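S.K.: Handing you this structure, nothing more for now.
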């Protein structure tokens, strides 16, 4: 079934240098070649000196106004100084210029009427143009003029004025004319920034045993467990009896660099604390492979009630291994569409295989997300993009349903089988609220052709309690470039995750808990930046809560499985038609083929692979020409009922039933969520089979088609008996000859794209 036009992807033709935009007969020269070039007038106000006193107190509280037509930018006033330093940049959009000159006015702040100190005027025709990578324009000292155009006795100001584009280094930190309504205190919250999420590690604590514990009641055998606390994470071992209990149990935590919280271990006997031990994470050994770290005996501190006594050592000890496992990749995203697969330790990182460039051009049709004091609807939109450890945030466009950002960002690509996520948000912190999500787009890099510029308008589709809704469109330009095509193809044969995930795998329950902790840590650390990347935006980008049971998702995954099975049913139906002689000519050809294959069985396999080769070549004509996007039909978002939506948007745990019903309802949702994941995994495997010859991932399909051709040739020239003998010996090879990592075929298959990243 076709996608409704309202929710369809639209190809666009913006005026960008990446698509060959010509202006004035010459190629547009700019570092930003995936976005439309926006002209700005920049005014940098650095400082002033020797300003005259205007107040009765013989002091000066100066500030600067920069006027350009109807637009006015103002610096903060600095109290009681004749040598103020502002170092602030003002940016005026070229299409908003309504004057032929820019005025820089220095005033003295007063209670009633601000005093005029001096001014400076520049004609726009005389202002120079700066084109990066030229160095920034050096600011100069200028004498201030009085109103009568006479030089004041005292007072100079250092400024720089130039024309440029959004490629200028001053763009991100500048005060923009389209944000004139935002006060000086709120300017920092609308600026665009680049963020780096903290490097996450798995902290493994192997609790081996305790020795010589001293319980308060020595007449009873203690029932002991070890409680390990790391920040907000707390895990207990199982309970063992005795004063020398043994566990040999692994406890895994998520920690982030720089390490701030210590590792605290308490040995507990029911409500009694038998001892306490503290380990600083900076002293913990970082492990890069599966070699065990040496175990250590640590002295336990005597603990009495809530308060610790003086640090007096006593005989009780704890035996444990503590290591920071850098050979794992700590997931903070869904495994279906992760943007990074690298291990925690940088020592294990490989060289990049390419470069991802994204131009966030504009958005259209954004709804009003909040109401102003005068009752008017408004939207202050900004975008967040996440790929790997690098997050970016565009500047906020104030009060616009059709914002134009035209900002370009770049990421190094270490694995083509990853996904970039771009979300659109409304900045609610300007009015003291929270940022509201508008919609997001996911793009899988492996579905993009290299060196091609994709310019499309993506519908922002969200599911509301009232049903599926389009929240506008996001206009992006995307280009994926590779440094070495052979290295990128070789990446398809590598394991998807680092080796430690296969040598010492973590359980599903552990991964779910660790992913939750990783999201909380990333959200907390990014919230400390200035401007902060708020928790609600981070959690929306990382799909927090997407694992909760939903009837709609269960139905959608079931239909995906049935879609995979439809191919098998089609073959069965076709074979039934052959047996029924619906087409006699085709049936006769099949008879001849059966005779040939029976008389020459060595032709079975090469014929099969040659058939797949020709199908792949034939399907090349219909390979996707556009990147994938959210599919409401695939997600069953357009056919979901009100009752199902009410269940999907219900709180967890539910608040709509008595205690008993609530417990059963939550249990059903939990079980259903697991079934949903299993069905989704089955659908994903089948869709990966489909993608072998569909050219959705052009590099993977090219590799498979070449493999089919080579296999067909080898099987034609090699006797079947030899092939079967080699295959049998390979399948029955000794365990010592087997690698602990998955084989090449498994690695290649797991890297094939499924349709999971298209699910809402």
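S.K.: By counting other Cβ atoms within 10 Å of each Cβ, how are 674, 220 ranked from fewest to most?
M.R.: 220, 674
S.K.: Only helical DSSP H runs with n ≥ 4 go in: add -39500 (n - 2.57) per run for the chain, normalise by residue count and round the 222 nm mean residue ellipticity to 500 deg cm²/dmol.
M.R.: Calculated from helices alone, the mean residue ellipticity at 222 nm is -7500 deg cm²/dmol.
S.K.: Take residue 290, project a point 7 Å from its Cα along the Cβ direction, then tell me which residues of the range 736-760 have their backbone nitrogen under 19 Å from it.
M.R.: Those under the cut-off are 736-747.
S.K.: With a 10 Å Cβ neighbour count serving as the proxy for reagent exposure, in which order, fewest first, do 339, 694, 400, 100 appear? Show your work: numbers first, answer last.
M.R.: Values: 339 23, 694 19, 400 16, 100 10.
Ordered from fewest to most neighbouring Cβ atoms within 10 Å, 339, 694, 400, 100 come out as 100, 400, 694, 339.
S.K.: Something else about it: Ranked highest first by the average count of other Cβ atoms within 10 Å around their residues, in what order do 698-711, 269-282 fall?
M.R.: Ranked by mean Cβ neighbours within 10 Å, highest first: 698-711, 269-282.
S.K.: Let me have the relative contact order for the range 200-325, percent, based on Cα pairs under 8 Å that are six or more residues apart.
M.R.: 32
S.K.: How far, in degrees from 0 to 90, does helix 508-526 lean away from the longest principal axis of the Cα atoms of the chain, to the nearest 10?
M.R.: Around 10 degrees separate the two axes.
S.K.: Taking every DSSP beta bridge with both residues inside the chain, roughly what % is antiparallel (nearest 5)?
M.R.: Rounded to the nearest five, the antiparallel share is 95 percent.
S.K.: Let me ask something else about it. Which distance in nm do the two modelled labels at residue 734 and residue 100 give, with both placed 7 Å along the Cα-to-Cβ direction?
M.R.: Result for the modelled spin labels: 9.3 nm.
S.K.: If we sort 479-485, 549-555 on the protection proxy, mean other Cβ atoms within 10 Å, highest first, what's the order? Please list the in-between numbers first.
M.R.: Working: 479-485: 16.4, 549-555: 20.9.
The densest-packed peptide leads the list: 549-555, 479-485.
S.K.: Next question. Kindly state, to the nearest 0.05, the FRET efficiency for residue 539 paired with residue 374, given R0 = 45 Å and r defined as their beta-carbon distance.
M.R.: The formula returns an efficiency of 0.90 here.
S.K.: Shifting gears a bit: Using Cα centres only, tell me the gap between the range 155-202 and the range 406-462 in whole Å.
M.R.: The range 155-202 and the range 406-462 have Cα centres separated by 21 Å.
S.K.: Given the Cα-Cα distance of residue 181 and residue 581 and 0.36 nm per residue of separation, how much length would full extension add, in nm?
M.R.: That works out to 136.2 nm of additional length.
S.K.: Using 1/(1 + (r/R0)^6) with R0 = 60 angstrom and r between the beta carbons of residue 721 and residue 342, what's the FRET efficiency to the nearest 0.05?
M.R.: 0.85
S.K.: I've got another one for you. Each label point is 7 Å from the Cα along the Cα-to-Cβ direction; what then is the distance between the points at residue 239 and residue 592, in nm?
M.R.: Computed distance between label sites residue 239 and residue 592 equals 7.9 nm.
S.K.: When 607, 447, 237 are ordered from fewest to most other Cβ atoms inside 10 Å of their Cβ, what list results?
M.R.: Ranked by crowding around the Cβ, least crowded first: 607, 237, 447.
S.K.: Measure nothing but the geometry: give the 0 to 90° angle between the long axis through the Cα atoms of 720-731 and the longest principal axis through the Cα atoms of the chain, rounded to 10°.
M.R.: Compared with the principal axis, the helix lies near 70 degrees.
S.K.: Using alpha carbons only, how many degrees (0 to 90, rounded to 10) separate the axis of helix 584-599 from the longest principal axis of the chain?
M.R.: 70
S.K.: Hey, of (i) 26.2, 88; (ii) 32.7, 113; (iii) 28.9, 97, which did the structure itself give for Rg and Dmax of the Cα atoms in Å when calculated?
M.R.: This structure yields the entry labelled (ii).
S.K.: Want the number for residue 264 to residue 221: 0.36 nm per residue separation, take away the alpha-carbon distance, what's left?
M.R.: Gain in length upon complete extension: 13.0 nm.
S.K.: Got the relative contact order for the range 370-494 handy, in percent, Cα pairs under 8 Å and 6 or more residues apart?
M.R.: Relative contact order, the range 370-494: 17 percent.
S.K.: Provide the gained length on full extension for the span residue 298 to residue 79, in nm with one decimal, where the gain is 0.36 nm per separating residue minus the Cα-Cα distance.
M.R.: Net length gain for the segment: 73.1 nm.
S.K.: With N set to the residue count of the range 159-294, report its C-alpha Rg divided by 2.2 N^0.38 Å to two decimal places.
M.R.: Here the answer is 1.82, to two decimals.
Since every read-out is calculated from the coordinates, none of them should be taken as a lab result. Everything quoted here is computed from the prediction, not taken from an experiment. Cβ sites come from the backbone with ideal geometry, for glycine too, and all protein chains shown count toward neighbours.
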